[in-house]
Amino acid sequence: MATNRRALLKQIGLGIAGIGFSTQETFASDQELFGDFQADPIPGLRLSSNENPYGPSPLARQAFAKYSNASNRYSWTLGPALIAAIAKKTAVATENVLLGAGSTEILDLVCKLAASEKGNFIVGFPSYPYWSITAETAGLKKLTVPLTVDKKLDLPAMQKAITPETRLIYVCNPNNPSGTVHKRNDLEQFVLEASKTAIVLIDEAYIDFSTEKSMVDLAAKNDNIIVARTFSKIYGLAGARVGFGVATKKRIEQLSEIQSWPNGSTSVASTAAALASLNDLKFVQDSYRLISEARAYTIKELEKLGMIVIPSTTSFVYFSIKNFKKDYFKILETNKIEGTGLYEEEGKWTRITVGTMKEMQRFINYLQVK
Ligand SMILES: Cc1ncc(COP(=O)(O)O)c(C=O)c1O
């Protein structure tokens, strides 16, 4: 996935480079930017980045259209309006919310803040890895703690791994790539203990697919607990780049100091679209239901094919291909399916994003071919 994402970013980068010094002909076409994945009907399937196949929501699309016309202006009002809507939705105060260009920006800012004192950070393996490059570049040493056999974060082992030099503990809940979630009570105990000496960063990118309660309430009152959330997943706005952090007023102020333009990284159109998405309850409910149905189908069919599958509360499925008799990756390649590589060599564990039911039926059909 890292390679896929880098390749895509590179392609986009090339497209943007053309804008600076040439005419329209040098703009990359949709085909160049996105490969086959935007074509209709799609010859390939992108099941790699846990994007919502149904988004953006109808109300978000309207907002994009309306606010693209206002994109010649900076907006001083949309950001605060989005913050107010997020605060209301998550039952915290506006002073507890910081907007970012995706939750990635929030994760990066927290890494930089934690790295203001040298030391180490703790992360499960495998877990969502990209932000950890920022932590390492900022001078923190990475300590990884393997998941349990049922592919959950090993909270007792993470607790044991904490040293006096630990500055940051990353908790991805639900965890990407394994799709497992911790019960609020278990996690709360761990987080309250771990946050006594270091910042606990809880990444809730997929919490909307789970019935477990978010930890934003704890983040709003404990300086050492910070929650990162995103509009990229259930809200279907991955390309719009809108995320937010929830923390105490003191932490939000500290994070704002290291964000070049506090709350200013999201575009006018993206901010308006995120705001509209929050009101599009039907879209969120439909996405939840459709993705849950396609996920249940995928899990059932993968099991029939001999895969070992981890129960998932997310928009992706983690499974072992070690008992699969055919060449799984060859099948993906032949049929132009973008999945992910192996996260764990031992046991041969890979991940697939849950697309639409039709996409998952195609994926399964390819795997079934004799
Ligand atoms: C666990 C997790 N956190 C954060 C992100 C980053 O999302 P974004 O920057 O689009 O909010 C992702 C994206 O796939 C993710 O899986």
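So here's what we get for this one:
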| quantity | calculated |
| --- | --- |
| Residue count for the range 108-128, restricted to those that are within 13 Å of the ligand (Cβ to nearest atom) and closer than 22 Å to residue 261 by Cα | 4 |
| Residue check for residue 180: hydroxyl-bearing (Ser, Thr, Tyr), more than 11 Å from the chain's Cα centre (by Cα) and farther than 19 Å from residue 248 by Cα | yes |
| Near pairs, Cβ below 6 angstrom, 6+ apart or cross-chain, from the range 102-128 (in the same structural domain as residue 139 (by TED's automatic domain parsing)) to any residue that is basic (Lys, Arg) and surrounded by fewer than 23 Cβ atoms within 10 Å (Cβ to Cβ) | 102/241; 120/141 |
| Flag for residue 105 being acidic (Asp, Glu), within 16 Å of the ligand (Cβ to nearest atom) and outside any helix (DSSP H, G or I) | no |
| The range 36-69 - residue that is of a type in the set (A, V, I, L, M) and at pLDDT 95 or above and, of those, surrounded by the most Cβ atoms within 10 Å (Cβ to Cβ) | 60 |
| Selection count where residues are within 16 Å of the ligand (Cβ to nearest atom) and buried (at least 20 other Cβ atoms within 10 Å of the Cβ), scope the range 129-170 | 8 |
| Among (1) more than 14 Å from the ligand (Cβ to nearest atom); (2) over 16 Å from residue 94 (Cα atoms); (3) hydrophobic (A, V, I, L, M, F, W, C); (4) buried (at least 19 other Cβ atoms within 10 Å of the Cβ) - the single one residue 202 does not satisfy | (1) |
| Residue that is nearest to the chain's Cα centre (by Cα) [pool: residues in the range 234-256 that are more than 16 Å from the ligand (Cβ to nearest atom) and of a type in the set (Val, Ile, Thr)] | 252 |
| Hits in the range 170-204 (condition: over 22 Å from residue 109 (Cα atoms), among the polar types (S, T, N, Q) and either in contact with a Ser or Thr (Cβ under 7 Å, 6 or more places away or on another chain) or outside any loop (DSSP other than H, G, I, E, B) (or both)) | 185, 189 |
| The lone exception for residue 325 - which of (1) outside the structural domain of residue 225 (by TED's automatic domain parsing); (2) touching a residue at least 24 places away in the same chain (Cβ under 8 Å) it fails | (2) |
| Of residues in the range 218-233 being within 23 Å of residue 285 (Cβ to Cβ) and outside any loop (DSSP other than H, G, I, E, B), the one farthest from the ligand (Cβ to nearest atom) | 227 |
| Check on residue 89, away from the ligand (no atom under 16 Å from the Cβ) and either crowded, with 22+ Cβ neighbours inside 10 Å or under 21 Å from the mean Cα position of the chain (by Cα) (or both) | yes |
| Residues that are among the small types (Gly, Ala, Ser), closer than 28 Å to residue 236 by Cβ and open to solvent by 10 Å² or more (accessible area, probe 1.4 Å), drawn from the range 100-125 | 101, 103 |
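The values are calculated or read from the model by the stated rules, or taken from the named source; none is laboratory data. The structure presented is a predicted model; accordingly, all values stated were derived computationally and were not measured. All Cβ positions, even for glycine, are placed from backbone atoms using ideal geometry, and neighbour counts span all protein chains on display. The area values use the complete protein model at the heavy-atom level, side chains included, leaving out ligands, DNA and RNA. Shrake-Rupley method; radii C 1.70, N 1.55, O 1.52, S 1.80 Å.
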